[in-house]
């Protein structure tokens, strides 16, 4: 908006107006379209306010910063900037000795020469072949969308934030000794020391700043749950590493190398190596649910097998892990029934012998001590002790357990999960970020198309649902789509006010999708993945495209009110708007270039947004200068086909009379 106002004032000064008059006249001339241009941009950011979940915590901060900034920039361009422009010197055609002014004049003359010798002929050709021009832009749009749909460019919901903590989590088989888990953790520690020696930087600074090894719990649990897992079979090693700016390798690559150095550990049920950062967690989080537990377990194994065949999938696990060893009393043998025993009687005596029975409580100061009676430790340490335990009958006789009860050895369930009162099993898997072919969304689609869609046929009654990142992504995109409909309606209404038409806003809104082409091409050139931050850049880009297009259409209307033909009005308006559009594109790209070419690993979080806005705005230059005038003429062609000539003439005369009543047109 400041460039639009400043360039318009400069144009008036070049025509000979006094700067004091040109400053307020030039500002007033474009005042209405600038105001509504800023308002439409602000409205474009409002859909982000309605996003919930984890994504909403990040997205909502963007409009809360951008919208007040836009509104304040409007005040600055309408009040503060004109006051400064009024202090400029009147136009002087004499050669200046000031080298800066000489350079400025040469640049201005060179731009005017370019407009007359290059842009005007190109625009005239484009207006004459306007249907070809629109076809070319539509083809570019579909090619760009095809590159994304065909996965030539990867899509990731949230760009990876470079982490400074990586952790290895190990889960041994339930029931193992504490010493076994400790040995596994020690092995992971030794691999971490080798990692530190391998990746010490050139200055000799160690890669690992701090290392914490834990046996019996996992304090650095990934995710947003505050619960810390505990158990003798759990262990973890967490590393605090150098900041991303001080190392040449990413945390994900370090975690992958740590995995290789560790190698397989016998007796583990799960082991994972992850970087701990914002938005980190498993890429695939799936839940299967059903009433038939056997079918549910079989379906779980099939899904896990399918995941293992997808390239780039690692750390596959499920919640159906076996618990501690246990003895299950199935039924009484005939001998037990003849002695008048019940299965519950046997279970009670078995518990009393191995766990104990409370017989007394002693008061020791403030503490209360329970006195438990049970077998000595040497008589309750093996399965043979269970078989030989003596069960007292109602007659007072003592009979071995194996003679009374039919029992079997097994393992308990460590976790029993239910969803909507039916049994459920969660399946989790991550992707190898070091693998260029690994992509979470592609893996999810492959799993859904090849396995999950036929799961109900193979296992009736089994349902599936995605959770975690996938669920948050689907919910956020659905909320964004629904709120964008109302935002587009508000943008349409806001543009209809300054244009005084319900048709011409469609010209401006029709070019919004074409801004995506430049953003996608920018991601290809920079080798970046498209993410949700890229979408933020596209939203900001749409605001710039709408702003420039709105002022251009307004300029076309001005020339038509003067009596120019439609083609002449579009031709002159394009030439008049060339300089501010080019300045907007170049200054925006220059302002974003430090972020675009930043090599710091932690800057990767914001680079996709800068790519969308920076490269998109370069392509938006062609959209505004070539496509918008062409669409304007196509709309007039359609009007000529639908309406009679006399109706069109009356409509234009009425529009010209209405415009003469507006002071902003009289100032032109």
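The values are calculated or read from the model by the stated rules, or taken from the named source; none is laboratory data. Nothing here was measured: the structure is a model prediction, and the numbers come from that model. Don't worry about glycine lacking a Cβ; one is built from the backbone with ideal geometry, like all the others, and counts go over all protein chains shown.
For the criterion of being surrounded by 15 or more Cβ atoms within 10 Å (Cβ to Cβ), within 23 Å of residue 496 (Cα to Cα) and at pLDDT 85 or above, residue 613 fails.
Scanning the stretch 345-393 for residues that are without any contact (Cβ under 8 Å) to a residue 12 or more places away in the chain and either in a strand (DSSP E or B) or not assigned by TED's automatic domain parsing to the domain that holds residue 327 (or both) gives 360, 361, 362, 363, 364, 367, 368, 369, 390.
Would you call residue 520 in a loop (DSSP other than H, G, I, E, B) and either at pLDDT 85 or above or under 24 Å from residue 144 (Cα atoms) (or both)? Spell out how you get there, then give the answer.
Details: in a loop (DSSP other than H, G, I, E, B): no; either at pLDDT 85 or above or under 24 Å from residue 144 (Cα atoms) (or both): yes.
Taking the combined requirement at face value, the residue does not satisfy it.
Between 424, 429, the distinction of being in contact (Cβ under 8 Å) with a residue 40 or more places away in the chain, in a strand (DSSP E or B) and touching a helix residue (DSSP H, G or I) at 6+ places or on another chain (Cβ under 6 Å) belongs to 429 only.
Does residue 438 satisfy the condition of being outside any strand (DSSP E or B) and under 30 Å from residue 464 (Cβ atoms)? Before you say what the answer is, go through the steps one by one.
On the way: outside any strand (DSSP E or B): yes; under 30 Å from residue 464 (Cβ atoms): yes.
For residue 438, the condition - outside any strand (DSSP E or B) and under 30 Å from residue 464 (Cβ atoms) - is met.
Can you report the number of residues in the stretch 523-538 which are in contact with a helix residue (DSSP H, G or I) (Cβ under 6 Å, 6 or more places away or on another chain) and either within 15 Å of residue 488 (Cβ to Cβ) or in a helix (DSSP H, G or I) (or both)? Residues flagged as in contact with a helix residue (DSSP H, G or I) (Cβ under 6 Å, 6 or more places away or on another chain) and either within 15 Å of residue 488 (Cβ to Cβ) or in a helix (DSSP H, G or I) (or both) within the stretch 523-538 amount to 7.
Scanning the stretch 268-291 for residues that are at pLDDT 85 or above and surrounded by fewer than 16 Cβ atoms within 10 Å (Cβ to Cβ) turns up just one, 291. Regarding residue 192, is this residue within 34 Å of the chain's Cα centre (by Cα), part of a helix (DSSP H, G or I) and modelled with pLDDT of 85 or more? Criteria met by residue 192.
Checking every residue in the stretch 336-344 against the condition of being over 21 Å from residue 412 (Cβ atoms) and assigned to a strand (DSSP E or B) gives zero matches.
Of the listed requirements (1) under 28 Å from residue 474 (Cα atoms); (2) over 26 Å from the mean Cα position of the chain (by Cα), residue 50 misses just one: (2).
What are the residues in the stretch 140-189 that are farther than 29 Å from residue 244 by Cβ, within 20 Å of the chain's Cα centre (by Cα) and surrounded by fewer than 16 Cβ atoms within 10 Å (Cβ to Cβ), if any? Listed by number, the residues that qualify are 145, 149, 150. Considering only residues in the stretch 202-223 that are modelled with pLDDT under 85 and loosely packed, with under 13 Cβ neighbours inside 10 Å, the one that is nearest to residue 180 (Cα to Cα) turns out to be 219.
Can you say whether residue 575 is modelled with pLDDT of 85 or more and surrounded by fewer than 18 Cβ atoms within 10 Å (Cβ to Cβ), as far as the supplied structure shows? It is true that residue 575 is modelled with pLDDT of 85 or more and surrounded by fewer than 18 Cβ atoms within 10 Å (Cβ to Cβ).
Residues considered: 550, 480. Of these, the only one that is under 26 Å from residue 29 (Cβ atoms) and either under 18 Å from the mean Cα position of the chain (by Cα) or modelled with pLDDT of 80 or more (or both) is 550.
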